[in-house]
Structure formats: C-alpha cells, structure tokens
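What follows is one structure encoded as structure tokens, with my remarks underneath.
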Amino acid sequence: MSFSRKILDWYEEHKRPLPWRQTSDPYKIWLSEILLQQTRVAQGLPYYEKFITHFPTVYDLARADEETVLKLWQGLGYYSRARNLHATARTIAEDYEGRFPDNHRDLMRLKGIGDYTASAIASISFGRPEPVVDGNVYRVLARYFGVELAIDSPKGVKYFKELAREVMDMEHIRDYNQGLMEFGALHCKPKNPECETCPLNNSCHALQKGQVSTLPVKGNKTRVRERFLNYLFVRDPLNRTLFRKREGRGIWQNLYEFPFVEADREIEKAALQKEVAISIGDFRVKDLVRINNNKIIHKLSHQHLHVNFWMVPVDRELPEGIPVGSLKEYPVPVLIADFIEKYLVNSNALENA
DNA sequence: AATTCGGGGTG
DNA sequence: CACCCAGAATT
C-alpha cells in the first residue's frame, strides 16, 4: 500500500472532530490556519470559537476596529497575525467582493499568507492539488524518507516541498493534507513517537536505521536577549493612570502598556527615581514603591524580560489619565494583563505594597 | 541567509 | 531546562 493511502486510512480512523473540518468555507479555513500558525490546536481552538462568534463572516471582521481584533487575540502571541488578519479581511471585503482567491498564487499576495497557508487554503477549501509542509510534515517526511537536510535551510525547504508534492494524493488532497499533519501531531510525535503501532513501521527509513530521535535535522538555534524593564504605575488622586499604545517595531506592536524605563541591567531605586522625575515632567513625584515582591522574569522565545512594576504617586490630576477600572478594556500583553489582574483588580495586594 | 516576531505545553 | 507548535515578514 502506498504512503498516501496509509496516511488516508490512518486519518479516517483517528482524526479529531475539529470545527473547521465541518466546512470548506474559505473564510473559516483561512481563520483557522492563521490562528494555528506556530500554535497548537489545543491553544488555538478557543480563539477560533471566539472569532467565529464575534465575526461570523469576513465582512464582520472587516468592519471591526483593529483594537477589537487585538483584544480578542490577546494571549495568543505573534500579534502581527492579528493585524494582518484584520488587514486581509478588509482587502477581501473591499477589493475581492468578499470572496477569497481560489489558488496558491493569488492567496500568496494577501497579508499574513505565506507558502504554507496559501497551500492549505487552496487545497483544503478549494481542492487544489497543493502540498502543505508544516512542522508536522517536515518531521514525518524526514523520518519516513530518511532526509537529513536541515528543515530550516533553503535547500531543505525546497527539497521537502518537492518531495511533499511527489508523494501527495491529489485525488483526496483535502483529507490527505490534513491527515499528514494530524498524523505528525498525534502519532509521529517529536518525542516518544508510537512506532510500534505505526502503519508505516515496515517501510520507515528512520525506524530501520535507528534515526527516529535524530530526525528531522534543524540548524539555527535561537539566541535569547536579556532585557530589563521598569513599568511605572503612575497614579493620580482620582485613581487614574498613564497607559499607552506601543508603537514602532519590536514586540507587542499596537498593544497597550504602562510607561516604562528600560535599562541595560537591573536598576536601583535611586537611579530609577531620577529617570522618573525627568519623564513625568513637572509633576511632583512622591516616593517610588516597588509593587512586585518577587522577581518577574517573563520569558519569550527570543527575550527574557526582567520586569519590575513601580508605584509612582503624583499629587494632582493627570490630563491624559485613564481610570484604572477601564484598563481591562485594552489589548495588552500577557505580562501586563497578569499585573492588572493581580494588583489592580484583586486590589488589596497593592495597598500592602 | 538570519532574525524576529509570544505564549504555553511537553518530557 | 530545551524543544516544539497546522509560519510569515523583515533585514
């Protein structure tokens, strides 16, 4: 039996009943694919339900404010996906009469849609014979065919894409593509793959050669940057505070946060007090008080954020102040959401600080 | 060709 | 702790 036939049979027996598998509506397929980029099904699933409920059609999403979209996306990470999702919804509504392109080339022109996602939508929604190559597919193909090229090298990317095209079943492309990914996610797992019960175990190259634990091969390892952030919870007599949209490049673009002082190392209270006196301008700043008792190290893929939150009481009303009670309405990074929840909602922790 | 975009689950 | 996740965009 062929490779693709075994994948299809396995999928028929083991597939999970996920909501985007009940339809071929390109809007829903597209939404699910954007949500699931670099994201596990279990983590993305509740967000899919939320988005479909709030935005049943692409027009509903196009009509929304970006801030509303970011708020719904809050907690999922890689927020450029949300911004691009919103931008593409508007493109589809305004320039495409609400209909998604039905082929790989035209899908690729839309923001947030790269080679993988274009192939996924073209095949799953429109039945086009396009192979998908995600992290799961890299693993299954590398092991089964014994490919030792690094999956994150240009040669590797090209080779795996061509290999995937050669072995796909274009007659059953919807189930084949989803089945191959599902097989990688549930059976041919990164660690402890279940080779004993694998339908491919009599012809898997890695299994015969003892390479299951060394394939696939990956090249670049990520370097982590250490950063030191001091967030300022400036509070005026009316319990208003300063809250700003994060602009420019870098993490958390267009999300909200408190003003902050960044240093190249852990900063002392006296030095910070000096900085704060400058940045708050002519406001009289009383004593700074560190709010968090324990060290906060917020870990991202490429950054370790060493964070302190400081109470900065000021003696008169802030013209740009926002009521503390309304902070929860803004889209914020998890780090800020956790702070608000811990110190500003269940608030007695703050009074003890 | 390398880096940089989050956050959470896993072993 | 390191690794991984239905990758894309930028440099």
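Springs between alpha-carbon atoms under 10 Å, Gaussian network over chain A: tell me which of A:I267, A:I173, A:I278 tops the mean-square fluctuations.
The residue that fluctuates most here is A:I278.
May I have the convex hull volume per residue, in Å³, for the Cα set of segment A:225-351?
Output value, Cα hull per residue: 114 Å³.
I'd like to know how segment A:25-125 sits against the 2.2 N^0.38 Å rule of thumb: what's its Cα Rg over that expected value?
0.97
In terms of modelled amide H atoms, which long-range or inter-chain residues lie less than 5 Å from the amide H of A:F228?
Here the answer is A:A263, A:H306, since their amide H atoms fall under 5 Å of that of A:F228.
What are the extents of the Cα atoms of segment A:65-181 along their three principal axes, in Å, largest first?
48, 31, 24
For labels at A:S80 and A:T214 in the simple 7 Å Cα→Cβ model, what's the distance in nm?
About 3.5 nm, to one decimal.
Which of A:D65, A:D169, A:D25 ends up with the largest GNM mean-square fluctuation for chain A, with Cα atoms connected below 10 Å?
A:D65
Specify the inter-centroid distance of segment A:90-159 and segment A:221-235, based on alpha-carbon positions, in whole Å.
One Cα centre to the other: 35 Å.
Mind pulling the per residue volume of the convex hull built on the Cα atoms of chain A? Å³ is fine.
170
For chain A, set up a Gaussian network in which alpha carbons nearer than 10 Å are linked by springs, and say which option among A:S301, A:S24, A:S213 fluctuates the most.
A:S301
Of all the Cα-Cα pairs you can form in segment A:132-221, what percent are over 23 Å apart?
17
As a test of the formula, what do you get for chain A when each DSSP H run with n ≥ 4 contributes -39,500 (n - 2.57) and the sum is divided by the residue count, at 222 nm and rounded to the nearest 500 deg cm²/dmol?
Taking each H run of at least 4 residues, the total per residue is -11500 deg cm²/dmol.
Taking the DSSP beta bridges in segment A:225-351 as the whole, what percent of them are antiparallel, to the nearest 5?
Within segment A:225-351, antiparallel bridges account for around 60 percent of the total.
Charges on Cβ only, +1 for Lys and Arg, -1 for Asp and Glu, centred on the Cα centroid of chain A; of A:T57, A:I297, A:N84, which one is farthest towards the dipole's positive end?
It is A:I297, whose Cα lies furthest towards the positive end.
Give me the distance in nm between label points sitting 7 Å out from Cα along the Cα-to-Cβ direction at A:R316 and A:D25, one decimal.
5.6
Under the definition of Cα pairs under 8 Å and six or more residues apart, what whole-number percent is the relative contact order of chain A?
16
Read-outs throughout are calculated quantities, based only on the coordinates presented, and are distinct from any laboratory measurement. Quick caveat: nothing in here was measured; it's all calculated off a predicted structure. Cβ: placed from backbone, ideal geometry, glycine included. Neighbour counts: every protein chain shown.
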